[in-house]
Amino acid sequence: MNASGREADAPAAARVAPPWLAPGATLAVLGGGQLGRMFVHAAQSLGYRVLVLEPDAAAPAGAPADGHLRAGYDDAQALGELARRAAGVTIEFENVPAAVLRRLAQGGAGAAAAPVVAPPADAVQLCQHRMSEKALFVRAGVPCAPHAAIAGDDDLHDAALDALLPGLLKTSRLGYDGKGQAAVADRAELAAAWRRLGGVPCVLEKRLALAHELSVIVARGRDGACVHLPVQQNLHREGILAVTQVPAPDVDAATATAAVAAARRLAAAMSYVGVLCVEFFVLADGSLVANEMAPRPHNSGHYSIDACDVSQFELQVRTLAGLPLAPPRQHSAAVMLNLLGDLWFEAGSDDARAPEWAAVLALPGVHLHLYGKTEARRGRKMGHLTVTAADAASARAVALEAAARLGLPAF
Ligand code: ADP
Ligand code: MG
């Protein structure tokens, strides 16, 4: 399989920048969703204890964690306890208030010694806002979609917006899985959509003709060492990731190299520490356009658990703990299928059904990951399935068969 993750900024020799957190230490994660759950798994297998801060008692990360503080992300008492008990703090959800991360890192949450916090508060704050993300793309020389800020009524009358229509209006904050977005064809639709989105600060982006979508996951340590996973090709359905294929079937080597270089440049520009995912579009003319960033592991990197010798979640542990970042190597071709709550319902009705797990587990190289969510809802991420194989064609063939057996569309 193709090796990846070369060209670290720092020498390959094991360098451990102080402070490093030895196995046995307690790490905390803010947020309790599936990304937190997979972080818990990775941290525990390296010998760490994990504390989850998450208000929902039934959240996926709560069950495997060594401790679950059931409180809001800004609950002073819970943050004080977390700072006393944890030597390192990370996030699995980018909308944790940046001020909380800042206070934790400065020792303001009541602990004797401030915990190590990664990713840094400033980088998380930047990634929380689509306009500041775009500003960083521009500053780092990474092309992005033509766009304009829509902060108030006046902005809707700007003549320059014509060049961005038809476009996509996206709330600047709190969007995910295509939520907080509206397709707008003309001025009238734009004004209506902006009001429908609550009249909050938005970004209007020109709708681009996408040939493909990619993502790149980098992991950057406190000493600036940076490694990456192979480039992932992503298929979205209705704004939600549906399929990730690695190696990326439609991406040439030059595009892959450019995407990795851009992601590394963005991480360095933010003095980033942790796992960062950058989403890209490839346009019909082959050009590469950055879409958005996630300051955490990403759904498109889940295949790394089964197909790489170090997963994105282990990279998150290593960057937080200050452990060496060995370059990841993909040892199997992989196709990941997201398992949304729709699978728990009969097609076109509200009647519940149980997905046919035995039928897909009978196929070779199928790795089923379910997040322990008790309530299935349409569009809700309930789990994923990664097919690994010796080559991309075999992984794809088995994944297509798995999709058919589950009732998922082909890709
Ligand atoms: P989210 O935070 O919901 O992931 P994105 O900005 O990544 O929001 O948009 C979700 C999906 O919508 C993208 O993966 C892509 O398929 C589509 N999309 C977003 N922006 C554009 C654009 N400017 N032109 C064409 N398609 C887009
Ligand atoms: Mg996205």
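Points to keep in mind about this one:
- Pairs of lysine residues in the chain that meet both criteria, 8 or more places apart or on different chains and Cα atoms under 25 Å apart, total 10.
- Largest to smallest in accessible area, the residues H212, H302, H41 fall in the order H41, H212, H302 (1.4 Å probe, all protein chains included).
- Here the dipole of the chain is about 860 debye; that uses its Cα centre as origin and unit charges on the Cβ of Lys and Arg (positive) and Asp and Glu (negative).
- When peptides 332-340, 130-138, 155-163, 253-261 are sorted by average Cβ neighbour count within 10 Å, with the highest value leading, the order is 332-340, 130-138, 253-261, 155-163.
- In segment 210-406, the ratio of gyration radius to Kirkwood radius, Rg to Rh, stands at 0.98 when only Cα atoms are counted.
- Modelled FRET efficiency - R0 25 Å, D285 with A261, Cβ distances, 0.05 increments: 0.85
- Cα gyration tensor, the chain - rounded (a/c under 1.5), prolate or oblate: rounded
- Residue separation of A192 and A354 scaled by 0.36 nm, minus their Cα-Cα distance, works out to 54.3 nm of gained length.
- The chain - accessible surface per residue (Å², probe 1.4 Å): 40
- Overall form of segment 12-117 per C-alpha gyration tensor (a/c, 1.5; a/b vs b/c): oblate
- Working from Cα pairs under 8 Å separated by at least six residues, relative contact order for segment 210-406 is 20 percent.
- Restricting segment 305-369 to GluC sites (Glu not before Pro) in coil, as DSSP defines it, with at most 15 other Cβ within 10 Å: E346, E356
- For segment 61-95, the list of trypsin sites (Lys or Arg not before Pro) that fall in a loop by DSSP and count at most 15 other C-beta atoms within 10 angstrom reads R70.
- Per residue, the average separation of C-alpha pairs within less than 8 Å and at least 6 apart gives the chain a relative contact order of 16 percent.
- Largest accessible area first, the residues L210, L21 order themselves as L210, L21 under a 1.4 Å probe with ligands, DNA and RNA left out.
- Put simply, the Cα atoms of segment 146-206 extend 29, 19, 18 Å along their principal axes, the longest span coming first.
- Measuring with a 1.4 angstrom probe and ignoring ligands and nucleic acids, I240 comes out at about 20 Å² accessible.
- Heavy-atom accessible area ranking, 1.4 Å probe, most first, across S172, S45: S45, S172
- Filtered trypsin sites (Lys or Arg not before Pro), segment 186-273: DSSP coil and at most 16 other beta carbons within 10 Å: R207
- Each of R84 and D155 was given a label point 7 Å from its Cα along the Cα-to-Cβ line. The distance between the two points is 4.4 nm.
- The GNM of the chain, with springs linking C-alpha atoms under 10 angstrom apart, assigns the highest mean-square fluctuation among G33, G108, G348 to G348.
- Counting 0.36 nm for each residue step from D252 to A347 and taking away their Cα separation leaves a gain of 30.4 nm.
- In terms of its C-alpha gyration tensor, segment 188-229 comes out oblate, because a/c is 1.5 or above while a/b does not outweigh b/c.
- The chain, accessible surface, carbon-and-sulfur percent (1.4 angstrom probe): 54
The values are calculated or read from the model by the stated rules, or taken from the named source; none is laboratory data. Note that the coordinates shown come from a computational prediction; the quantities given were computed from them, not determined experimentally. Here the Cβ is made from the backbone with ideal geometry for all residues, glycine too, and neighbour counts use every protein chain on show. All accessible areas refer to the heavy atoms of the entire protein, side chains included, with ligands and DNA or RNA removed. Shrake-Rupley method; radii C 1.70, N 1.55, O 1.52, S 1.80 Å.
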